[in-house]
Amino acid sequence: MASDKVTQCCQALIEKNLTISFAESASAGKMCYEFSTVFNSGRILIGGIICYHSSMKEDLLQIPWGTIEKYSAESAEVTKLMAQNFYRYINSDICVGITGLTTPGGSESSSKPVGTIFIHIVFSDKEIAKRYEFKGNPENIINQAIDVVADLILKEI
């Protein structure tokens, strides 16, 4: 069942007749799923793509070769390109890109600990880029990120 924030966001999107799509890495499809559980979600949810591995980001979302090597798969730069590139190919009003570190074994460091999430949202007339550091287990981190995305969208529309 979707959180109150996601439900509010979906209702606002429905009222404003806006559609949404997702380019997900760290959340591995959970964000798209959460938005799909809200009543009348078919009126707003276009769909999403899960590009968890770097090769998927490069092959399907056309992240230029070398970009991930330079910045890491979990970075503001890669998240921005994921959102922008998916937005170009999908007919939706809003596109959300998300990457981050929910478990050890990625590009974590003292300046980018586990729990770091990058979000990039493309609207028709603007873009929002955010970096967060959440605490908790992987599921808690993703749930917090989903609520933050819903809140960011609510504030912008």
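For segment 36-45, putting each phi into the Karplus relation 6.51 cos²θ - 1.76 cosθ + 1.60 with θ = phi - 60° gives couplings of 6, 8, 7, 3, 6, 4, x, 7, 10, 8 Hz, in residue order, rounded to whole numbers and with x for Gly and Pro.
Across Thr79, Thr102, Thr67, mean-square fluctuation computed from a Gaussian network of the chain (C-alpha pairs under 10 Å connected) peaks at Thr67.
Of the trypsin sites (Lys or Arg not before Pro) in segment 128-157, the ones in a loop by DSSP (not H, G, I, E or B) with at most 10 other beta carbons within 10 Å are Lys135. Charge tally for Arg88 (other residues, Cβ to Cβ under 14 Å; Lys, Arg +1; Asp, Glu -1): -1.
Loop-located chymotrypsin sites (Phe, Trp or Tyr not before Pro) across segment 34-74 with a Cβ neighbour count of 13 or fewer within 10 Å are Phe39, Trp65, with loop assigned by DSSP. Antiparallel versus total DSSP beta bridges in the chain: what percent is that, nearest 5? Given both bridge residues lie in the chain, the antiparallel proportion sits at roughly 55 percent. Projected label points at Leu60 and Tyr132, each 7 Å from Cα along the beta carbon direction, are separated by 2.3 nanometres.
For the chain, the longest principal axis of the alpha carbon atoms and the long axis of helix 138-156 meet at an angle near 50°.
Dividing the mean sequence gap of close Cα pairs (under 8 Å, 6+ apart) by how many residues the chain holds gives a relative contact order of 25 percent. With springs connecting C-alpha atoms under 10 Å apart, model the chain as a Gaussian network and identify which of Asp147, Asp59, Asp125 has the largest mean-square fluctuation. Of Asp147, Asp59, Asp125, the most mobile in the Gaussian network model is Asp125. Modelled spin-label separation between Ser36 and Glu139, with each label point placed 7 Å from Cα along the Cα-to-Cβ direction: 1.9 nm.
A Cβ-based charge dipole, computed about the Cα centre of the chain with Lys and Arg at +1 and Asp and Glu at -1, lands at about 140 debye. From the square roots a ≥ b ≥ c of the eigenvalues of the alpha-carbon gyration tensor of segment 43-91, which class results: rounded (a/c under 1.5), prolate (a/b over b/c), or oblate? Judged from the Cα gyration tensor, segment 43-91 comes out prolate (a/c at least 1.5, a/b above b/c). Taking the Cβ of Asn17 as the centre, find all other residues whose Cβ is under 13 Å away and add up their charges (Lys, Arg: +1; Asp, Glu: -1). Here the count lands on 0. Between the Cα long axis of helix 4-15 and the first principal axis of the chain there is an angle of about 60°, rounded to the nearest 10.
Rounded to the nearest 10 degrees, the angle from helix 76-89 to the longest Cα principal axis of the chain is 50 degrees. Other residues within the sphere of radius under 15 Å centred on the Cβ of Ser36, judged by their own Cβ, net out at 0 (K and R +1, D and E -1).
None of the figures in this text is laboratory data; all of them are computed from the coordinates on show. Owing to the predicted nature of the structure, the values given are computational and were not obtained by experimental measurement. Reconstructed Cβ throughout: ideal geometry from the backbone, glycine too, with neighbour counts over all protein chains shown.
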